[in-house]
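Participant: This is the structure I want to talk about, given as C-alpha coordinates.
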Amino acid sequence: MTVPDYQSMMSPLLKSLGDGGDWRWADAKDALATATGVSETDRAELLPSGRQATFDNRAGWAATYLSQAGLVERPARGILRITERGRDTLAAHTGPINNAFLKQFPEFLEFKNRSHTQAEHSSAGEDASDQTPEELMENGYQSLRSDLAQLMMERVGAVSPRFFEQLVVKLLVTMGYGGSLADAGQAVGRSGDDGIDGIIKEDKLGLDVVYIQAKRWANNVGRPEIQAFAGSLMGQGASKGVFITTSRFSAEARDYVRRIDKRIVLIDGEQLAELMIDHGVGVTEAATYVVNRLDEDFFIEE
(Lines give C-alpha, C1' and ligand atoms only; values in the text may rest on other atoms or scores of the structure.)
Protein backbone atom coordinates (compact mmCIF):
# COMPACT_ATOMS: atom_id res chain seq x y z
CA MET A 1 0.00 0.00 0.00
CA THR A 2 1.16 3.51 -0.77
CA VAL A 3 1.11 6.37 1.73
CA PRO A 4 -2.26 8.22 1.59
CA ASP A 5 -2.27 11.88 0.67
CA TYR A 6 -2.44 14.36 3.53
CA GLN A 7 -6.10 15.24 2.98
CA SER A 8 -7.05 11.55 3.22
CA MET A 9 -5.26 11.45 6.59
CA MET A 10 -7.41 14.14 8.21
CA SER A 11 -10.46 12.01 9.06
CA PRO A 12 -8.58 9.01 10.47
CA LEU A 13 -6.27 11.29 12.46
CA LEU A 14 -9.19 13.14 14.00
CA LYS A 15 -10.92 9.84 14.80
CA SER A 16 -7.74 8.55 16.45
CA LEU A 17 -7.78 11.57 18.75
CA GLY A 18 -11.50 11.16 19.40
CA ASP A 19 -11.12 9.74 22.92
CA GLY A 20 -10.37 13.25 24.16
CA GLY A 21 -7.04 12.42 25.75
CA ASP A 22 -3.66 14.00 25.24
CA TRP A 23 -1.81 12.20 22.48
CA ARG A 24 1.94 12.28 22.00
CA TRP A 25 2.66 13.01 18.35
CA ALA A 26 4.61 9.76 17.96
CA ASP A 27 1.65 7.76 19.31
CA ALA A 28 -0.79 9.68 17.11
CA LYS A 29 1.27 8.83 14.03
CA ASP A 30 1.35 5.16 15.03
CA ALA A 31 -2.43 5.15 15.42
CA LEU A 32 -2.82 6.93 12.09
CA ALA A 33 -0.60 4.39 10.34
CA THR A 34 -2.69 1.56 11.79
CA ALA A 35 -5.96 3.25 10.80
CA THR A 36 -4.80 3.80 7.21
CA GLY A 37 -3.05 0.44 6.82
CA VAL A 38 0.38 1.97 6.24
CA SER A 39 3.16 -0.56 6.86
CA GLU A 40 6.56 0.07 8.41
CA THR A 41 8.06 -0.25 4.94
CA ASP A 42 5.71 2.40 3.60
CA ARG A 43 6.51 4.66 6.55
CA ALA A 44 10.20 4.51 5.59
CA GLU A 45 9.46 5.96 2.15
CA LEU A 46 11.17 9.34 1.75
CA LEU A 47 10.29 12.52 -0.08
CA PRO A 48 12.32 13.18 -3.27
CA SER A 49 14.81 15.24 -1.23
CA GLY A 50 15.50 12.23 1.00
CA ARG A 51 15.32 14.42 4.11
CA GLN A 52 11.96 13.44 5.56
CA ALA A 53 9.63 10.46 5.51
CA THR A 54 6.64 10.97 3.22
CA PHE A 55 4.27 9.62 5.88
CA ASP A 56 5.59 11.98 8.56
CA ASN A 57 5.37 14.95 6.21
CA ARG A 58 1.78 14.25 5.20
CA ALA A 59 0.68 13.40 8.73
CA GLY A 60 2.23 16.65 9.95
CA TRP A 61 0.31 18.72 7.43
CA ALA A 62 -2.93 16.88 8.22
CA ALA A 63 -2.44 17.78 11.90
CA THR A 64 -1.54 21.37 11.01
CA TYR A 65 -4.66 21.89 8.93
CA LEU A 66 -6.91 20.30 11.57
CA SER A 67 -5.30 22.56 14.16
CA GLN A 68 -5.73 25.70 12.04
CA ALA A 69 -9.41 24.82 11.60
CA GLY A 70 -9.85 24.52 15.37
CA LEU A 71 -10.59 20.78 15.36
CA VAL A 72 -7.36 19.92 17.13
CA GLU A 73 -5.25 21.82 19.65
CA ARG A 74 -1.67 21.55 20.88
CA PRO A 75 -1.73 22.02 24.68
CA ALA A 76 2.01 21.32 24.94
CA ARG A 77 4.97 20.60 22.73
CA GLY A 78 4.53 17.33 20.88
CA ILE A 79 0.98 16.84 22.24
CA LEU A 80 -2.29 16.77 20.28
CA ARG A 81 -5.81 16.93 21.68
CA ILE A 82 -9.19 17.00 19.97
CA THR A 83 -11.27 20.11 20.66
CA GLU A 84 -14.98 20.43 21.29
CA ARG A 85 -15.37 21.51 17.67
CA GLY A 86 -13.49 18.41 16.63
CA ARG A 87 -15.78 16.15 18.67
CA ASP A 88 -18.85 17.88 17.24
CA THR A 89 -17.46 17.34 13.75
CA LEU A 90 -16.99 13.62 14.35
CA ALA A 91 -20.53 13.33 15.72
CA ALA A 92 -22.27 15.26 12.94
CA HIS A 93 -20.14 14.75 9.84
CA THR A 94 -19.89 11.39 8.07
CA GLY A 95 -18.18 12.50 4.87
CA PRO A 96 -14.52 13.15 4.19
CA ILE A 97 -12.64 15.86 6.02
CA ASN A 98 -10.46 17.77 3.59
CA ASN A 99 -9.51 21.32 2.66
CA ALA A 100 -12.90 21.96 1.07
CA PHE A 101 -14.67 20.89 4.29
CA LEU A 102 -12.36 22.94 6.50
CA LYS A 103 -13.15 26.14 4.58
CA GLN A 104 -16.37 26.49 6.58
CA PHE A 105 -14.27 27.52 9.58
CA PRO A 106 -13.16 31.19 9.57
CA GLU A 107 -9.88 30.39 11.35
CA PHE A 108 -8.91 28.05 8.52
CA LEU A 109 -9.76 30.62 5.85
CA GLU A 110 -7.68 33.21 7.69
CA PHE A 111 -4.79 30.75 7.85
CA LYS A 112 -5.05 30.09 4.12
CA ASN A 113 -5.18 33.79 3.33
CA ARG A 114 -2.10 34.40 5.46
CA SER A 115 -0.04 31.61 3.98
CA HIS A 116 -0.79 31.81 0.24
CA THR A 117 -0.88 34.42 -2.48
CA GLN A 118 -3.97 35.01 -4.56
CA ALA A 119 -2.44 33.07 -7.44
CA GLU A 120 -2.16 29.97 -5.30
CA HIS A 121 -5.93 30.02 -4.72
CA SER A 122 -6.60 29.23 -8.36
CA SER A 123 -8.09 25.91 -9.43
CA ALA A 124 -4.59 24.69 -10.17
CA GLY A 125 -3.35 25.68 -6.73
CA GLU A 126 -2.78 23.67 -3.59
CA ASP A 127 -6.48 23.20 -2.75
CA ALA A 128 -6.89 21.19 -5.95
CA SER A 129 -3.94 18.99 -5.05
CA ASP A 130 -3.46 16.12 -2.66
CA GLN A 131 0.20 17.04 -2.23
CA THR A 132 1.63 18.84 0.76
CA PRO A 133 3.43 22.17 0.16
CA GLU A 134 6.81 20.42 0.43
CA GLU A 135 5.75 17.82 -2.11
CA LEU A 136 4.51 20.49 -4.51
CA MET A 137 7.85 22.29 -4.24
CA GLU A 138 9.94 19.13 -4.51
CA ASN A 139 7.96 17.77 -7.45
CA GLY A 140 8.28 21.13 -9.17
CA TYR A 141 12.02 20.94 -8.57
CA GLN A 142 12.18 17.41 -9.94
CA SER A 143 10.28 18.50 -13.04
CA LEU A 144 12.72 21.36 -13.62
CA ARG A 145 15.64 19.00 -13.04
CA SER A 146 14.23 16.44 -15.49
CA ASP A 147 13.83 19.12 -18.16
CA LEU A 148 17.39 20.32 -17.51
CA ALA A 149 18.74 16.76 -17.77
CA GLN A 150 17.01 16.33 -21.13
CA LEU A 151 18.50 19.59 -22.41
CA MET A 152 21.87 18.51 -21.06
CA MET A 153 21.71 15.19 -22.92
CA GLU A 154 20.78 16.96 -26.16
CA ARG A 155 23.64 19.45 -25.82
CA VAL A 156 26.22 16.82 -24.87
CA GLY A 157 25.09 14.72 -27.83
CA ALA A 158 25.94 17.60 -30.17
CA VAL A 159 29.52 18.32 -29.03
CA SER A 160 32.60 16.94 -30.75
CA PRO A 161 34.05 13.58 -29.65
CA ARG A 162 37.17 15.34 -28.39
CA PHE A 163 35.16 17.79 -26.29
CA PHE A 164 33.10 14.93 -24.91
CA GLU A 165 36.23 13.05 -23.81
CA GLN A 166 37.52 16.15 -22.01
CA LEU A 167 34.09 16.67 -20.46
CA VAL A 168 33.96 13.24 -18.84
CA VAL A 169 37.49 13.63 -17.43
CA LYS A 170 36.51 17.01 -15.97
CA LEU A 171 33.37 15.48 -14.45
CA LEU A 172 35.31 12.68 -12.78
CA VAL A 173 37.87 15.13 -11.42
CA THR A 174 35.05 17.32 -10.09
CA MET A 175 33.64 14.23 -8.38
CA GLY A 176 36.87 13.98 -6.38
CA TYR A 177 39.12 11.69 -8.36
CA GLY A 178 42.69 12.89 -8.05
CA GLY A 179 42.44 16.58 -7.23
CA SER A 180 43.06 19.14 -9.99
CA LEU A 181 42.57 18.65 -13.71
CA ALA A 182 46.29 19.22 -14.30
CA ASP A 183 47.39 16.61 -11.79
CA ALA A 184 44.61 14.07 -11.81
CA GLY A 185 43.41 13.31 -15.31
CA GLN A 186 44.35 13.42 -18.93
CA ALA A 187 42.19 13.05 -22.00
CA VAL A 188 43.84 10.76 -24.53
CA GLY A 189 41.28 10.39 -27.35
CA ARG A 190 43.72 10.06 -30.24
CA SER A 191 44.42 7.44 -32.87
CA GLY A 192 46.29 4.48 -31.48
CA ASP A 193 45.12 4.98 -27.91
CA ASP A 194 44.41 1.24 -27.61
CA GLY A 195 40.71 1.77 -26.89
CA ILE A 196 41.32 4.16 -23.98
CA ASP A 197 39.92 7.70 -24.12
CA GLY A 198 41.16 8.97 -20.77
CA ILE A 199 43.17 8.15 -17.70
CA ILE A 200 42.39 9.51 -14.27
CA LYS A 201 44.00 8.97 -10.90
CA GLU A 202 41.73 7.24 -8.44
CA ASP A 203 43.10 9.34 -5.57
CA LYS A 204 45.26 12.40 -5.08
CA LEU A 205 48.37 10.30 -4.46
CA GLY A 206 47.93 8.38 -7.70
CA LEU A 207 48.08 4.98 -5.99
CA ASP A 208 45.81 3.61 -8.71
CA VAL A 209 44.33 4.81 -11.97
CA VAL A 210 40.96 4.48 -13.67
CA TYR A 211 40.76 4.14 -17.43
CA ILE A 212 37.96 5.83 -19.33
CA GLN A 213 36.11 5.02 -22.52
CA ALA A 214 33.81 7.81 -23.73
CA LYS A 215 31.39 7.21 -26.60
CA ARG A 216 29.20 10.01 -27.93
CA TRP A 217 26.79 7.62 -29.61
CA ALA A 218 23.14 7.64 -30.60
CA ASN A 219 22.84 3.85 -30.72
CA ASN A 220 22.94 1.59 -27.67
CA VAL A 221 26.30 0.27 -26.55
CA GLY A 222 26.31 -3.52 -26.68
CA ARG A 223 28.39 -6.28 -25.18
CA PRO A 224 31.06 -6.28 -27.97
CA GLU A 225 32.09 -2.71 -27.14
CA ILE A 226 32.29 -3.46 -23.41
CA GLN A 227 34.19 -6.67 -24.07
CA ALA A 228 36.69 -4.74 -26.21
CA PHE A 229 37.12 -2.18 -23.42
CA ALA A 230 37.76 -4.96 -20.93
CA GLY A 231 40.42 -6.28 -23.30
CA SER A 232 42.01 -2.82 -23.44
CA LEU A 233 42.17 -2.74 -19.65
CA MET A 234 43.91 -6.10 -19.67
CA GLY A 235 46.42 -4.75 -22.20
CA GLN A 236 47.16 -1.85 -19.85
CA GLY A 237 47.46 -4.13 -16.84
CA ALA A 238 44.53 -2.25 -15.32
CA SER A 239 41.61 -3.53 -13.27
CA LYS A 240 39.29 -0.52 -13.15
CA GLY A 241 37.47 1.35 -15.87
CA VAL A 242 34.55 3.65 -16.54
CA PHE A 243 32.60 3.43 -19.79
CA ILE A 244 30.51 6.52 -20.44
CA THR A 245 28.09 7.00 -23.31
CA THR A 246 25.48 9.54 -24.34
CA SER A 247 23.12 6.67 -25.26
CA ARG A 248 22.24 3.53 -23.31
CA PHE A 249 23.73 0.11 -22.59
CA SER A 250 22.11 -3.11 -23.70
CA ALA A 251 21.02 -5.69 -21.13
CA GLU A 252 23.75 -8.01 -22.44
CA ALA A 253 26.40 -5.32 -21.83
CA ARG A 254 25.27 -4.78 -18.24
CA ASP A 255 25.13 -8.50 -17.61
CA TYR A 256 28.67 -8.92 -18.98
CA VAL A 257 30.24 -6.42 -16.55
CA ARG A 258 28.57 -8.19 -13.63
CA ARG A 259 30.28 -11.46 -14.53
CA ILE A 260 33.87 -10.41 -15.24
CA ASP A 261 36.63 -9.82 -12.71
CA LYS A 262 37.39 -6.33 -14.04
CA ARG A 263 35.70 -3.45 -12.23
CA ILE A 264 33.90 -1.58 -15.02
CA VAL A 265 31.30 1.07 -14.21
CA LEU A 266 28.76 1.86 -16.93
CA ILE A 267 27.32 5.39 -17.09
CA ASP A 268 24.62 6.05 -19.69
CA GLY A 269 23.43 9.40 -20.99
CA GLU A 270 20.71 9.85 -18.40
CA GLN A 271 23.04 9.13 -15.49
CA LEU A 272 25.73 11.32 -17.04
CA ALA A 273 23.34 14.27 -17.14
CA GLU A 274 22.33 13.67 -13.51
CA LEU A 275 25.97 13.55 -12.41
CA MET A 276 26.79 16.75 -14.29
CA ILE A 277 23.88 18.53 -12.58
CA ASP A 278 24.81 17.16 -9.15
CA HIS A 279 28.42 18.26 -9.46
CA GLY A 280 27.89 21.57 -11.25
CA VAL A 281 29.52 20.65 -14.56
CA GLY A 282 27.98 22.45 -17.53
CA VAL A 283 25.32 24.15 -15.40
CA THR A 284 25.06 27.40 -13.50
CA GLU A 285 22.93 28.16 -10.45
CA ALA A 286 19.79 30.13 -11.29
CA ALA A 287 18.14 30.44 -7.87
CA THR A 288 18.35 29.09 -4.32
CA TYR A 289 15.37 28.64 -1.99
CA VAL A 290 15.72 27.87 1.70
CA VAL A 291 12.74 26.10 3.29
CA ASN A 292 12.64 26.54 7.06
CA ARG A 293 10.72 24.50 9.60
CA LEU A 294 9.51 25.62 13.03
CA ASP A 295 12.04 24.85 15.77
CA GLU A 296 9.85 23.55 18.60
CA ASP A 297 12.82 23.34 21.00
CA PHE A 298 13.36 27.10 20.72
CA PHE A 299 9.99 27.81 22.36
CA ILE A 300 10.48 25.62 25.41
CA GLU A 301 10.60 27.82 28.50
CA GLU A 302 13.04 26.68 31.16
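Participant: Quick one: how many Å² of HIS93 are accessible to a 1.4 Å probe, rounded to 10?
Facilitator: 60 Å²
Participant: I've got another one for you. Could you state the angle between the C-alpha long axis of helix 25-36 and the longest principal axis of the C-alpha atoms of the chain, as a value from 0 to 90 degrees rounded to the nearest 10?
Facilitator: It works out to around 80 degrees.
Participant: Using a 1.4 angstrom probe with every protein chain in place, what is the largest-first accessible-area order of GLU285, GLU73, GLU134?
Facilitator: Largest accessible area first, the list is GLU285, GLU73, GLU134.
Participant: For ALA287 paired with THR2, estimate the spin-label separation in nm (one decimal), with each label point 7 Å from Cα along the Cα-to-Cβ line.
Facilitator: Taking the simple label geometry, ALA287 and THR2 are separated by 2.7 nm.
Participant: Would you mind computing, in nm to one decimal, how far apart the modelled labels at ARG24 and ALA44 are, each placed 7 Å from Cα along Cα→Cβ?
Facilitator: Computed distance between label sites ARG24 and ALA44 equals 2.3 nm.
Participant: Further, regarding this structure: Using r as the Cβ-Cβ distance of ALA31 and GLN271, and R0 as 45 Å, what FRET efficiency do you calculate, to the nearest 0.05?
Facilitator: Working: r = 42 Å, r/R0 = 0.92.
Once the sixth-power term is evaluated, E becomes 0.60.
Participant: What is the ratio of the Cα radius of gyration of the chain to 2.2 N^0.38 Å, where N is its residue count, to two decimals? The partial results should precede the final answer.
Facilitator: Working: Rg = 27.1 Å, N = 302, 2.2 N^0.38 = 19.3 Å.
After normalising by residue count via 2.2 N^0.38 Å, the value is 1.41.
Participant: Once both axes come from the Cα atoms, what is the angle between helix 54-68 and the longest principal axis of the chain, in degrees from 0 to 90, rounded to 10?
Facilitator: For 54-68 against the chain, the angle is about 30 degrees.
Participant: Show TYR6, TYR289 ordered by accessible area, largest first, where the area counts protein heavy atoms only and the probe is 1.4 Å. Don't jump to the answer; show the numbers that get you there.
Facilitator: Numbers: TYR6 0, TYR289 180 Å².
Largest accessible area first, the residues go TYR289, TYR6.
Participant: Spelling out what I want: for every residue of region 3-17, take phi, set θ = phi - 60°, compute 6.51 cos²θ - 1.76 cosθ + 1.60 (Karplus), and round to whole Hz; glycine and proline get x.
Facilitator: After applying 6.51 cos²θ - 1.76 cosθ + 1.60, I find 6, x, 5, 5, 5, 5, 7, 5, 4, x, 5, 5, 5, 4, 8 Hz.
Participant: Also, quick follow-up: So, in the chain, how many Lys pairs have Cα atoms under 28 Å apart, if the pair is 8 or more places apart or on different chains?
Facilitator: 20
Participant: Computed over the Cα atoms of region 1-77, what is the convex hull's projected area averaged over all directions, in nm²? Intermediate values should be presented prior to the final figure.
Facilitator: Values: hull surface 20.5 nm².
About 5.1 nm², averaged over all directions.
Participant: Take the Cβ-Cβ distance between ASP203 and ASP147 as r, set R0 to 22 Å, and report the resulting FRET efficiency rounded to the nearest 0.05.
Facilitator: On the way: r = 36 Å, r/R0 = 1.61.
Calculated transfer efficiency: 0.05.
Participant: If you wrap a convex hull around the C-alpha atoms of region 206-302 and split its volume per residue, what is the figure in Å³? Don't skip to the answer; put the middle values down first.
Facilitator: On the way: hull volume 21.6 nm³, N = 97.
With only Cα atoms used, region 206-302 gives 223 Å³ per residue.
Participant: A further question follows. Given R₀ = 25 Å, FRET efficiency for ASP278-ASP56 by Cβ-Cβ distance, to 0.05? Before the final figure, lay out the partial values.
Facilitator: Working: r = 26 Å, r/R0 = 1.02.
Calculated value: 0.45.
The values are calculated or read from the model by the stated rules, or taken from the named source; none is laboratory data. Predicted model, so just to flag it, every value in this text is computed and none were measured. When we count neighbours, we look across all protein chains shown, and the Cβ atoms used for this are built from the backbone with ideal geometry, even at glycine. For the accessible areas, the whole protein counts, side chains as well, though only heavy atoms, and no ligand, DNA or RNA atoms are used. Shrake-Rupley method; radii C 1.70, N 1.55, O 1.52, S 1.80 Å.
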